[in-house]
Each structure stands twice: as structure tokens, then as C-alpha cells.
1. Out of all the residues in segment 1-17, which are basic (Lys, Arg) and at pLDDT below 60?
2. Of all residues in segment 24-37, which are surrounded by 10 or more Cβ atoms within 10 Å (Cβ to Cβ) and assigned to a helix (DSSP H, G or I)?
Amino acid sequence: IGVGKLLSTCVCPCRKLTSIAFNDMNPFPSRLLRNRRVLHLERLQAELRELEEQHKEFITESVVRKDKELDVMVSEDDEDL
């Protein structure tokens, strides 16, 4: 048997097996994967929105806290006079 004949008989079953494995017996159909990606993306976006809200609240609280600290410092300076 020549090398060409051996390769041609070996390549065809490989292609057929690949087709069966990834098309016919595919455990991960593209529709299922697409739906799961959408679901996870929605969850991640919701978490990101929540984190952004928490960040805004933190920044607001930090500004208020600094303002109060400055007021206390100024009032302490006024008492010294």
C-alpha cells in the first residue's frame, strides 16, 4: 500500500468522525451556548450596575465625611481664638 492510499483512507474517517462528534453528537449546541452567554452577560451587567451604585454612594459619603471633618476642625480653631 502506498503512502497516498494510506493517507486518503485515514483522512476521510477522521473528517467523518469530526463531523459526527461536533455536529451530530455535539453536547454543546450553539443555541444553548448563546442563551447561557446572554444569561451570564445580564447577570454581570446587573452586578456592575450594583457596584457602580455602591461606588457612587461611597464617594458621596466620603465627601460628606470630609466636609464634617473640616467643619469640626474649623470650629475647634474658632474655640482657640
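The values are calculated or read from the model by the stated rules, or taken from the named source; none is laboratory data. Keep in mind that what you see is a predicted model, and the values were worked out from it rather than measured. For neighbour counting, all protein chains shown are included, and Cβ atoms are generated from backbone atoms with ideal geometry for every residue, glycine included.
1. Across segment 1-17, the qualifying residue is only Lys5.
2. Those that are surrounded by 10 or more Cβ atoms within 10 Å (Cβ to Cβ) and assigned to a helix (DSSP H, G or I): Leu32, Leu33, Arg34, Asn35, Arg36, Arg37.
One line per residue, one yes/no per condition, for (1) at pLDDT below 90; (2) within 23 Å of the chain's Cα centre (by Cα):
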residue	(1), (2)
Ser19	yes, no
Met25	yes, no
Phe28	yes, yes
Arg43	no, yes
Leu48	no, yes
Glu53	no, yes
